[in-house]
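Chemist: Right, I'll just put the structure down here and ask away after.
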Amino acid sequence: MMNKRSLIGVVVLGLTIAAAVFAGTSWADQPHPWQMGMQEPATPVHAQLYSLHNFLLVLITLITLFVLGLLLYTMVRFRASRNPNPSRVAHNTTIEVIWTAVPILILVVIAIPSLRLLYYQDRTHDADLTLKVTAYQWYWGYEYPDNGGFRFESRIVRDEERRPDQPRLLAVDNRAVVPVGANIRVLVTSNDVMHSFFVPSSGVQVYGIAGRTNETWLRFDRPGVYYGQCNQICGVDHGFMPIAIEALPREQFDRWVADARQRYAASGDAPLQVATAPAEVAR
């Protein structure tokens, strides 16, 4: 039997894991050690994805328990010692109708919210801002066509250059910056091979394909830095192509845009080096 000390250790471990799983705000925007489940939703799309995920988790758990119960009942009720002369009935119309109709109904229940969510996350018709994203081997390019068309490139911060407050393999030299609460049209394309623009806390994953522009949308409900990565196997540096998007209050975003446009005009249409943190620009 488990002694008292072992029992206390198991309880403490369980409480620690539970606290880690449900520590919402401290785990937002980037992955953390021992994390379980999705990142906390930061956009309306991811909030709906999260709700659908939880609904499906409950549904599949109920189905699994039901099937397990049937298996256990069959093993006990129809074991050889209790049922030495098995039935030779080959068909049962009622049972066959039930096991055909019930899965169809389950699929319909899943399909309705799934299709509604697919159309919802496809695009926004009332965009406040357009952000064009171009994937390269192996970095990202961002362009703001609604704000003078200035553009810049975003590359990973290598370990030898990384500050202690920057997450490893996720920090970049130039973050994409967007305003909080704005509907942002995101146009994604590629300059070479296929890439994937994936930001988990936003619920956005869209492929970048050379010669084609795919569309999605974002609306961050709170300020913060949101990290992602290219999760398409796009080449030797596939694992070193992070995404960092910073959501700022509208006033700070407008100041950042004004500063970026001035420097872009002075650069002669060359890509900006906007390594200055948006928070520093705001101050």
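Chemist: Based on this model, can you work out whether I60 counts as over 30 Å from S201 (Cβ atoms), β-branched (V, I, T) and part of a helix (DSSP H, G or I)?
Modeler: Criteria not met by I60.
Chemist: Looking at V45, V109, V97, V102, which one is modelled with pLDDT of 85 or more and touching a Gly at 6+ places or on another chain (Cβ under 6 Å)?
Modeler: Working: V109 fails: touching a Gly at 6+ places or on another chain (Cβ under 6 Å); V97 fails: touching a Gly at 6+ places or on another chain (Cβ under 6 Å); V102 fails: touching a Gly at 6+ places or on another chain (Cβ under 6 Å).
Only one candidate qualifies: V45.
Chemist: Every residue in region 245-283 that is at pLDDT 70 or above and outside the structural domain of V172 (by TED's automatic domain parsing), please.
Modeler: none
Chemist: Go over the candidates E143, E160 one by one and state the one that is outside any loop (DSSP other than H, G, I, E, B) and either at positive phi or touching a Gly at 6+ places or on another chain (Cβ under 8 Å) (or both).
Modeler: On inspection, the qualifying residue turns out to be E143.
Chemist: For the subset of region 87-121 comprising residues that are of a type in the set (S, T, N, Q) and free of Cβ contacts under 8 Å to residues at least 40 places away in the same chain, which member is farthest from L187 (Cα to Cα)?
Modeler: The qualifying residue farthest from L187 (Cα to Cα) is S87.
Let's see how each residue does on (1) in contact (Cβ under 8 Å) with a residue 40 or more places away in the chain; (2) farther than 30 Å from R185 by Cα; (3) in the same structural domain as S202 (by TED's automatic domain parsing):
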position: L49; (1), (2), (3): yes, no, no
position: H53; (1), (2), (3): no, no, no
position: I63; (1), (2), (3): yes, yes, no
position: L68; (1), (2), (3): no, yes, no
position: Y73; (1), (2), (3): no, yes, no
position: F78; (1), (2), (3): no, yes, no
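Chemist: Between residues in region 157-176 that are without any contact (Cβ under 8 Å) to a residue 40 or more places away in the chain and residues that are part of a helix (DSSP H, G or I), which pairs lie under 7 Å by C-beta distance while being six or more apart or on different chains?
Modeler: What qualifies is R168/D159.
Chemist: If you go through region 200-227 one residue at a time, how many are in a strand (DSSP E or B) and either farther than 24 Å from N147 by Cα or touching a His at 6+ places or on another chain (Cβ under 9 Å) (or both)?
Modeler: Of the residues in that region, 5 qualify.
Chemist: With touching a residue at least 12 places away in the same chain (Cβ under 8 Å), farther than 16 Å from F198 by Cα and in a strand (DSSP E or B) as the only criterion, which of T124, T130 stands out?
Modeler: Working: T124 fails: in a strand (DSSP E or B).
Answer to the check: T130.
Chemist: Considering only residues that are in contact with a helix residue (DSSP H, G or I) (Cβ under 8 Å, 6 or more places away or on another chain) and either farther than 15 Å from S190 by Cα or of a type in the set (V, I, T) (or both), which ones fall in region 230-250?
Modeler: Hits for region 230-250 are I245, E246, L248.
Chemist: Now for a different question. Within region 101-115, can one find any residue that is more than 32 Å from the chain's Cα centre (by Cα) and either surrounded by 11 or more Cβ atoms within 10 Å (Cβ to Cβ) or more than 30 Å from N183 (Cα to Cα) (or both)?
Modeler: Of the residues in region 101-115, the ones more than 32 Å from the chain's Cα centre (by Cα) are 101.
Then drop every residue that is not either surrounded by 11 or more Cβ atoms within 10 Å (Cβ to Cβ) or more than 30 Å from N183 (Cα to Cα) (or both), which leaves 101.
Within region 101-115, one or more residues are more than 32 Å from the chain's Cα centre (by Cα) and either surrounded by 11 or more Cβ atoms within 10 Å (Cβ to Cβ) or more than 30 Å from N183 (Cα to Cα) (or both).
Chemist: Scan region 72-98 for residues that are exposed (fewer than 10 other Cβ atoms within 10 Å of the Cβ) and either assigned to a helix (DSSP H, G or I) or hydroxyl-bearing (S, T, Y) (or both) and jot them down.
Modeler: Answer for region 72-98, where residues must be exposed (fewer than 10 other Cβ atoms within 10 Å of the Cβ) and either assigned to a helix (DSSP H, G or I) or hydroxyl-bearing (S, T, Y) (or both): M75, V76, R77, S81, S87, T93, T94, I95.
The values are calculated or read from the model by the stated rules, or taken from the named source; none is laboratory data. Everything numeric in this text was worked out from a predicted model, so none of it was measured. Methodologically, a virtual Cβ is constructed for each residue, glycine included, from the backbone with ideal geometry; neighbour enumeration extends over all protein chains shown.
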